[in-house]
Amino acid sequence: QFAAGTDVTITFLPGDNFRSNVETATALRRAGFNPVPHIAAREIPSLEALNDFVARLRSESDVRRVLLIAGDVVAAKGPFKSSRDVAATGLLQAHGISRISIAGHPEGHPYLDEAATFASLECWRDWSRETAVRVDIVTQFCFEAAPILKFLGEMAQRSIDLPVIVGLAGPATPATLTKFALRC
């Protein structure tokens, strides 16, 4: 049982329809939770679709926080190749999104090298300061502390002071954890 007001993320998987994610967000809001939908940049086919998605999230679900990701598809379906491309449109702020969570990868990511990861986080830090939109980092779930501590140490060395929410695996069978570990 979760308390009213708990943030609940809504995953945007490859091929998802953003309108169904708005419906899920609306149902969560009606149930007393704070919906936090993913916006997968590479899945958004156009600027108009992004505007419609964010406008509906605000007007139908009172969403104020989103988790902005690039999306794990190689080719973008529209003009957005990265989460930063989405942020650069100004649509999130225009529709009243006041908090953006971005992905963190303490154990690495197949599409990113370490230097690019930290350079991107520095850009997000600077963008947050310029726009007054609160940016935090949500990490993929990890199975051991060492990569997380290394990630946090590197952030500190680079003066990246964005808050970090560490992803931990919830209650699951060993088989389920293994399946998700392979996907991550």
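The values are calculated or read from the model by the stated rules, or taken from the named source; none is laboratory data. All values reported here derive from a predicted model rather than from experimental measurement. Please note: Cβ atoms are built from the backbone with ideal geometry, for glycine as well, and neighbour counts cover all protein chains shown. The area values use the complete protein model at the heavy-atom level, side chains included, leaving out ligands, DNA and RNA. Shrake-Rupley method; radii C 1.70, N 1.55, O 1.52, S 1.80 Å.
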- Task: For every helix of n ≥ 4 consecutive DSSP H residues, a contribution of -39,500 (n - 2.57) applies; sum these over the chain, divide by its total residues, and give [θ] at 222 nm rounded to the nearest 500 deg cm²/dmol.
- Result: -13000 deg cm²/dmol
- Note on the structure: A chain fully extended from Arg129 to Glu23 at 0.36 nm per residue, minus the present Cα-Cα distance, gains in nm 35.0 nm
- Across 5 Å bins from 0, what is the distribution of all Cα-Cα pair distances for segment 113-184, in whole percents? 3, 14, 22, 21, 16, 11, 8, 4, 1
- Query: From the square roots a ≥ b ≥ c of the eigenvalues of the alpha-carbon gyration tensor of the chain, which class results: rounded (a/c under 1.5), prolate (a/b over b/c), or oblate?
  - Reply: rounded
- Label-point gap, in nm, between Ala169 and Ser46 - each point 7 angstrom along Cα→Cβ: 4.3 nm
- Note on the structure: Taking the alpha-carbon centre of each part, the distance from segment 1-41 to segment 111-137 in Å is 24 Å
- Work out, step by step, the length gained on full extension between Asp7 and Asp161: first 0.36 nm times the residue separation, then minus their alpha carbon distance; give nm to one decimal. 53.2 nm
- Rounded to the nearest 10 Å², the accessible area of His109 using a 1.4 Å probe with every protein chain kept is 40 Å²
- Task: Calculate how many DSSP beta bridges within the chain are antiparallel, expressed in % of all such bridges and rounded to the nearest 5.
- Result: 5 percent
- Please work out how much accessible surface Glu130 shows to a 1.4 Å probe, ignoring ligands, DNA and RNA, in Å² rounded to 10. 150 Å²
- Item | Straight-distance crosslink candidates among aspartates and glutamates, where the alpha carbon sits under 12 Å from Lys81 and sequence neighbours closer than 8 are dropped | Glu43, Asp72
- Note on the structure: Sorting Gln140, Gly90, Ala25 by the position of each Cα along the dipole of the chain (Lys, Arg +1; Asp, Glu -1; all at Cβ), the one nearest the positive end of that ordering is Ala25
- Note on the chain: helices (DSSP H) long enough, at least 24 Å by alpha carbon along their axis, and hydrophobic enough, mean Kyte-Doolittle at least -1.0, are 114-131
- Item | the chain, dipole about Cα centre (Lys/Arg Cβ +1, Asp/Glu Cβ -1), debye to the nearest 20 | 360 debye
- Message: Can you give me the % of accessible surface on the chain that is carbon or sulfur? Probe 1.4 Å, all protein chains present, nothing else counted.
- Response: 56 percent
- Given the options Ala87, Ala145, Ala41, state which has the largest fluctuation in a GNM of the chain using a 10 Å cut-off (strictly under) for Cα springs. Ala145
- Note on the structure: the chain, Gaussian network, Cα under 10 Å: of Leu92, Leu50, Leu149, the residue fluctuating most is Leu149
- Query: Can you tell me the accessible area per residue over the chain, all protein chains present, probe 1.4 angstrom, in square angstrom?
  - Reply: 53 Å²
- With springs only between Cα atoms under 10 Å, which of Pro14, Pro35, Pro174 fluctuates most in a Gaussian network model of the chain? Pro174
- Message: Assuming 0.36 nm per residue, please report the length gained on full extension of the stretch Phe141 to Glu114 beyond their Cα-Cα distance.
- Response: 8.0 nm
- DSSP loop chymotrypsin sites (Phe, Trp or Tyr not before Pro) in segment 73-130 with at most 16 other Cβ atoms within 10 Å of their Cβ, which ones? Tyr111
- Query: How big is the accessible area of Glu107 in square angstrom, nearest 10, if you roll a 1.4 angstrom probe over the protein chains?
  - Reply: 90 Å²
